[in-house]
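S.K.: The structure under discussion is supplied below as structure tokens; questions concerning it will follow.
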Amino acid sequence: MAYGLLKGKRGVVFGALDEHSIATHVAKRAIEEGASIVLTNAPVAFRAGTINKLAEELGVEAIAADATSIDDLTNLFEKAPEILGGKIDFVLHSIGMSVNIRKKREYFDLNYDWMQKTYDISAISFHKMMQVAHKLDSLNEGGSIIALTYIAADRTFPFYSEMAEAKAILESYARSFGYHLGERKRIRVNTVSQSPTMTKAGSGVKGFAEFFEYSDKMSPLGNADAESCADYCMTLFSDLTRMVTMQNLYHDGGFSKMGMHPGIMTGELRII
């Protein structure tokens, strides 16, 4: 059901790739709520063709941009307002990648060059994105910026490896930039800590399937799926949350507040 929450607003969505991507669900819901959007992803996603197909399906334009490249981000935030007919009201950062995890390097044996790449792609890109957009004056007064994060930023989940530190940096950027953008243009910056979600990136993490089930059973409402995450993002992009900023907001079915589950302790609920 659409409520017209984003009627007349313009947005940029980073990270949409295929039907499983949270960013894809966010893009679709934003359009349903009345927004005009531009999609963006790394050039490799365009070579694969998936984002082109998605853009055609949604009837929007897509701009290739390496989120770690100032030149690419500059091109993006110059072109997007031209395409959309005005400054940007909302941005979603849904980007994360760890070479160490992909290469199955254990946490106590990480390749530090790969670690720096992880931080650049998964966290520093968020700062670069906001800095470039601000310098170009591409963001509208009273806008909203969201980055997707995970609770491993402040709790230990060994399988999440160096991505835990990347998310901690990401959340810190939201607080710091949230101050500066709030003071200057009343722009809100928040992070959303989502449940484990069956995306291409998430399913590539060692032990993900087992943890997905564990999280689902530990959470009173179960895991939040990509569609419900998109719904939540709509509220954060809308004017209804105009006084919410610099927050890490948990969208996880209650998992973040659970200490233990009686059913798991007694064996009534079984984990793989």
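The values are calculated or read from the model by the stated rules, or taken from the named source; none is laboratory data. What you see is a predicted model; the values in this text were computed from it and never measured. Positions of Cβ are backbone-derived with ideal geometry, glycine not excepted, and every protein chain shown enters the neighbour counts.
S.K.: Out of the stretch 244-266, which residues are in contact (Cβ under 8 Å) with a residue 24 or more places away in the chain and either hydrophobic (A, V, I, L, M, F, W, C) or over 28 Å from Met130 (Cβ atoms) (or both)?
M.R.: Val244, Met246, Leu249, Gly253, Gly254, Phe255, Met258, His261, Gly263, Ile264
S.K.: Now for a different question. Scan the stretch 117-159 for residues that are among the hydroxyl-bearing types (Ser, Thr, Tyr), more than 14 Å from the chain's Cα centre (by Cα) and farther than 29 Å from Tyr214 by Cβ and jot them down.
M.R.: Ser138
S.K.: Please go through the stretch 70-95 and give me each residue that is in contact with a helix residue (DSSP H, G or I) (Cβ under 8 Å, 6 or more places away or on another chain) and either farther than 21 Å from Ile146 by Cβ or modelled with pLDDT under 95 (or both), ordered by number.
M.R.: If the condition is that a residue be in contact with a helix residue (DSSP H, G or I) (Cβ under 8 Å, 6 or more places away or on another chain) and either farther than 21 Å from Ile146 by Cβ or modelled with pLDDT under 95 (or both), then Ile70, Thr74 are the ones that fit.
S.K.: Just give me the residues in the stretch 173-224 being surrounded by 19 or more Cβ atoms within 10 Å (Cβ to Cβ), of a type outside the set (Ser, Thr, Tyr), within 19 Å of Ala123 (Cα to Cα) and modelled with pLDDT of 95 or more, in sequence order.
M.R.: Ala174, Phe177, Gly178, Leu181, Arg188, Val189, Asn190, Val192, Gln194
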